Amino acid sequence: MGQYFTKETLRRLRNEVLISEIIQVLDIPSKTRDGYLRFLCPFCNEFMTACHPKTNLARCFRCERNFNPIDLVMVVKGLCFQEAVRFLLDYEKKAQEGGKNAE
Ligand SMILES: [Zn+2]
């Protein structure tokens with residue numbers, strides 16, 4: 001098992017692993033308001049946040065930070081980049097085995 005992940009793998013994790021799912025997987029408190037999924041920011045513990053399905057980014061307006069799925073796993077689970085990528089690959093695998101996603 002190498003430490004190297006292809007650009008394609010990283011692109012897929014950033015774009016195709018839904019940020020809203022990762023928020024659930026990580027057990028981050030969240031709520032939907034005004035049509036946006038708001039999550040408890042792991043840095044400031046405020047709900048001044050929103051998830052943008054189009055960009056697949058979670059943003060905290062207070063910290064002025066964007067989180068992609070890899071960032072969020074790193075921050076919440078305290079993992080390094082490599083570990084966070086492996087966590088997401090694992091999650092992806094389980095999700096594929098578990099539910100039969102159409103496609
Ligand atoms: Zn914040």
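The values are calculated or read from the model by the stated rules, or taken from the named source; none is laboratory data. This structure is a prediction, so every number in the text was calculated from the model and none was measured. Virtual Cβ from ideal backbone geometry, glycine too; neighbours counted across all protein chains shown. What goes into the accessible areas is simple: the full protein's heavy atoms, side chains included, and nothing from ligands, DNA or RNA. Shrake-Rupley method; radii C 1.70, N 1.55, O 1.52, S 1.80 Å.
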(message) Anything in segment 75-86 that is open to solvent by 50 Å² or more (accessible area, probe 1.4 Å) and more than 15 Å from the ligand (Cβ to nearest atom)? List them, or say none.
(response) Lys77, Gly78, Cys80, Phe81, Gln82, Glu83, Arg86
(message) I'd like to verify a number: residues in segment 20-50 that are part of a loop (DSSP other than H, G, I, E, B) and either more than 16 Å from the ligand (Cβ to nearest atom) or closer than 13 Å to Val76 by Cα (or both), how many?
(response) 12
(request) Would you point out the residue of segment 1-33, among those that are surrounded by 10 or more Cβ atoms within 10 Å (Cβ to Cβ) and among the polar types (S, T, N, Q), that is farthest from Ala58 (Cα to Cα)? (result) Thr9
(message) Given the criterion in contact (Cβ under 8 Å) with a residue 12 or more places away in the chain, loosely packed, with under 14 Cβ neighbours inside 10 Å and more than 16 Å from the ligand (Cβ to nearest atom), identify the matching residue among Pro53, Pro69.
(response) Pro53
